Ligand SMILES: Cc1cc2nc3c(=O)[nH]c(=O)nc-3n(C[C@H](O)[C@H](O)[C@H](O)COP(=O)(O)OP(=O)(O)OC[C@H]3O[C@@H](n4cnc5c(N)ncnc54)[C@H](O)[C@@H]3O)c2cc1C
């Protein structure tokens with residue numbers, strides 16, 4: 001029996017989920033399919049920066065404008081996913097000092113708020129920054145947890161009545177004449193195929209968009225630009241730090257959760273599924289990081305990873321560096337472009353602008369379908385998943401209080417109720433709702449759950465792990481994306497064994513058609529962490545890796561267990 | 001104070017050397033940053049991870065890998081070390097059982113069967129050859145985060161053992177917020193806890209007819225064999241410990257056997273400072289400097305033993321450029337040619353990772369060698385994990401090499 005829906009969305013990253021929510025809120029039926037876990041594409045492999053727009057004021061003013069606008073909206077609809085770190089653009093001795101004034105002028109022109117920060121104030125806030133920095137500007141950058149945002153979006157989508165199928169890969173698009181009428185997807189766990197009939201296919205598959213378009217016989221050429229990032233074990237800055245210069249490699253440090261992330265590089269890769277991390281990329285990131293924070297490369301690096309940017313170039317404007325390709329997004333209506341109706345592709349863009357991309361794409365689809373409801377996503381506050389502490393905790397005391405005021409999340413959900421108009425008061429009250437470092441510690445202290453931590457590095461309690469497991473996850477990597485288990489300094493040394501064992505115990509209590517082999521899950525997870533750690537294994541982190549090996553080989557004998 | 005021998009490093013290798021030399025009447029100082037890696041180990045004596053017949057595997061090894069520490073010191077040194085450690089542990093009231101003729105295999109906290117040679121009395125009832133003699137219970141404590149009976153039992157069942165997993169309750173009042181293995185071990189030193197847990201076990205045994213019960217390796221810190229005996233009497237089944245995640249209590253117990261013996265033998269132990277540099281006259285090391293708090297301290301001796309461990313112990317340190325330094329004396333390090341060759345892309349590659357075979361190359365007297373094979377210091381012996389050309393973890397020979405080289409070092413350097 002084929003499923004039937006109005007719009008089939010391909011891709012469970014920020015863009016696809018944004019489209020699903022927008023459609024559902026306008027009362028347009030949709031199904032989203034994602035070949036892996038939600039946010040397992042570029043959305044989960046990005047730098048973590050909620051852009052103020054400052055980065056693009058010179059290279060791509062339109063993107064800058066879009067970022068500035070969306071920044072305000074995201075602060076309103078998903079404060080629990082954002083950390084209000086603020087951002088600085090600094091002029092180091094390696095940067096052209098004359099660019100600074102032009103930067104400020106460009107910010108003004110693009111509507112990006114900017115303010116010069118006295119150097120004394122910069123040093124007071126960020127004492128590890130290079131003392132040779134000659135000027136600094138403050139902008140509204142922040143950091144963002146894209147995994148949490150994806151889960152919040154998914155919750156919203158599902159409570160608005162639309163369906164999400166993760167681990168379902170689109171295999172074929174079926175055309176009737178010059179119109180796409182259905183997609184065929186494979187459930188990657190059971191191997192079963194399913195046909196989904198639809199009026200429109202929204203191709204939100206990011207770096208894979210060319211492949212999806214090809215399934216409909218449409219040629220869409222993308223440049224896959226790989227960017228590598230390195231997570232450091234310390235949050236040596238609490239503010240997003242950008243070099244004040246024309247965008248280049250390794251010029252941003254983003255503090256997020258317990259780490260600081262250096263990034264990024266930009267290299268062409270032929271295949272978005274297969275790319276490595278080169279030693280020279282890691283060396284570059286550390287060397288550039290040294291310019292901002294002298295001594296940085298002596299800190300412990302935790303892991304390196306990369307994501308791929310789908311950069312789209314209209315035919316005819318070939319050549320030039322990747323960074324010159326506009327970062328703004330493109331909405332491609334294949335009826336106009338290629339004479340194939342029923343297929344719309346969204347390419348390019350940024351995480352920060354996912355909502356805007358979705359809004360424009362859905363405007364087009366809605367208009368074609370003759371649906372007149374306006375977009376509501378700029379006003380609907382997203383729900384907080386149950387795995388988060390704050391969803392079920394009263395106001396925090398103890399350590400949390402030391403990190404700043406904390407009030408309980410305002411429940412403006414469920415979505416089926418009337419949308420709340422955002423008055424001035426609510427916007428002012430928002431400050432207290434951001435995620436902040438220390439939030440998890442505060443919750444753990446308050447519930448006196450220190451003895452029940454499954455992951456000490458990221459302060460994840462047994463209760464949160466069980467909640468996540470009971471909601472149904474498919475790999476230990478899903479748990480990592482959900483709770484950050486295994487992302488801290490020990491990279492899974494203790495917590496992955498515990499999580500695998502809990503996974504087994506939860507599965508025993510639930511009837512599952514395809515239970516996961518906990519031993520294999522454990523090994524797969526450790527292997528994936530190993531891959532991410534290899535580019536940065538030296539010093540203390542190499543010692544840590546040996547300790548983890550001692551635990552998994554020397555104590556547990558993971559390598560001695562056969563798959564069941 | 002001038003010492004006959006200064007040992008750098010307080011793991012099993014360093015303490016073996018210290019005990020041996022103290023027994024011969026030498027004045028011995030142990031200088032160390034911390035207490036070695038014992039709390040990260042299973043607390044057994046691993047000699048060679050080759051299943052049932054380690055001895056014959058070792059005979060082949062010493063012929064095929066002449067640079068392996070066992071080949072350098074000879075298997076007699078290993079045998080003497082094993083005999084000695086059994087005597088030492090028995091005298092401390094913590095007997096070790098087994099031998100190198102016939103390997104032992106014991107369940108891990110994942111339910112895998114891990115090879116070793118000598119095990120404490122508290123574990124011996126878990127030996128795999130006996131495990132099949134009837135229904136088997138794996139019991140844990142829900143408060144303890146490092147031991148999960150259902151998964152252990154599942155993996156044992158998959159290997160043909162009739163295992164069941166269950167959780168026991170910590171007695172009220174002992175349910176501390178931070179239930180670490182060490183804390184639980186201290187709880188088991190109290191009679192009322194043993195009585196309570198023993199009672200719970202007895203109920204399970206009555207219901208399930210279990211012959212053997214595997215419990216986490218937390219059954220007391222100081223009196224473990226007595227705790228096990230009492231639980232056996234109370235429950236009516238044979239009890240064995242399974243080592244948990246670190247901190248591993250059996251690892252600490254084994255370390256304490258060595259530490260107590262060293263202190264009793266008059267060995268001085270100065271723990272908490274890094275040895276940071278050496279002072280030499282020609283090929284003689286005359287002094288080292290240790291750094292603790294704010295000041296450097298000079299220590300001089302006639303002979304030296306370097307027992308600082310490898311990458312895990314902190315005896316070796318690496319950087320992003322592929323350099324590896326030996327941290328205490330700055331000895332030359334034998335290592336893979338470039339950083340690109342350090343690792344296998346597969347974490348569980350059977351051969352392990354080349355970087356972890358890096359270390360100090362030595363001659364048969366265990367004296368450190370430079371890249372050209374010349375002796376660096378005539379009066380220094382290198383023992384244990386700091387040695388090159390072996391992987392103590394993947395080869396399953398950490399304690400064996402520590403004993404063979406640590407206890408055997410003196411005979412090479414009279
Ligand atoms: C290195 C790097 C750093 C970045 N840093 C930032 C930053 O700091 N701030 C910011 O705002 N933006 C940043 N971005 C940009 C941002 O990450 C992306 O714009 C955004 O995540 C794109 O989301 P998406 O949903 O369009 O794509 P994706 O997240 O890639 O989602 C596409 C999904 O489609 C799925 N898919 C593909 N083919 C199929 C198929 N056949 N069937 C089913 N599913 C399929 C994929 O599995 C994937 O999950 C960065 C990008 C990169 C590469």
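Below is a table of values for the structure above.
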read-out	value
Semi-axis lengths, Å, chain B, gyration tensor of Cα atoms, sqrt of 5 times eigenvalues	39, 23, 19
For the stretch A:439-560: span of alpha carbons on each principal axis (Å, largest first)	41, 37, 24
Convex hull volume per residue for the stretch A:73-138, taking Cα atoms only, in Å³	105 Å³
Descending principal axes extents, the stretch B:121-177, alpha-carbon based, whole Å	38, 25, 17
Separation between Cα centres of the stretch A:477-492 and the stretch A:345-381, rounded to whole Å	32 Å
Surface/4 estimate of mean projected area, convex hull on alpha-carbon atoms of the stretch B:12-149, nm²	11.1 nm²
Kirkwood hydrodynamic radius over Cα pairs of the stretch B:1-56, then Stokes diffusion coefficient at 4 °C and 1.567 mPa s, in µm²/s	98 µm²/s
Least to most buried among A:477, A:197, A:433 (fewest other Cβ within 10 Å first)	A:197, A:477, A:433
Compactness relative to 2.2 N^0.38 Å, alpha carbon Rg of the stretch B:272-314	1.24
Tilt relative to chain B, helix B:54-64 - C-alpha long axis, 0 to 90 degrees, to 10	20 degrees
222 nm mean residue ellipticity, helices alone, for chain A (DSSP H n ≥ 4; -39,500 (n - 2.57); rounded to 500)	-9500 deg cm²/dmol
The stretch A:250-275 versus the stretch A:1-67: alpha-carbon centroid distance in Å	19 Å
Relative frequency of Cα-Cα separations exceeding 22 Å in the stretch A:172-293, percent	55 percent
Per-residue [θ]222 nm for chain B (sum of -39500 (n - 2.57) over DSSP H runs n ≥ 4, rounded to 500)	-9000 deg cm²/dmol
Kirkwood-type radius of the protein assembly as shown, with distances r between different C-alpha atoms, in Å	30.8 Å
Per-residue Cβ neighbour rank within 10 angstrom, fewest leading, B:300, B:248	B:300, B:248
Pairwise centroid distance, computed over Cα atoms, of the stretch B:224-267 with the stretch B:374-414, Å	26 Å
All-pairs alpha carbon distance profile, the stretch B:109-242, 10 Å steps from 0, percent	13, 48, 34, 5
Kirkwood hydrodynamic radius over Cα pairs of chain A, then Stokes diffusion coefficient at 37 °C and 0.692 mPa s, in µm²/s	134 µm²/s
Per-selection Rg to Rh, the stretch A:497-542 - Cα, Kirkwood hydrodynamic radius	1.18
For the stretch A:238-307, the spread of Cα positions along each principal axis, largest first, Å	35, 28, 22
Fewest-first sequence of B:106, B:61, A:285 by Cβ atoms within 10 Å of each Cβ	B:61, B:106, A:285
Chain B, relative contact order in percent, only Cα pairs under 8 angstrom and at least six apart counted	24 percent
Anisotropy class of the stretch A:221-262 from Cα gyration tensor, a/c 1.5 cut	oblate
Two-decimal log10 I(q)/I(0) for the stretch B:253-385, as the Debye equation yields it once each C-alpha is a single scatterer, q = 0.15 Å⁻¹	-0.86
Relative contact order computed over the stretch B:109-242 (Cα-Cα under 8 Å; 6+ residues apart), in percent	30 percent
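Where a number appears in this text, it was derived from the coordinates with a stated rule and is not lab data. Bear in mind the structure is a predicted one, so any value in this text is a computation, not a measurement. All Cβ positions, glycine included, derive from the backbone under ideal geometry; neighbour counts span all protein chains shown.
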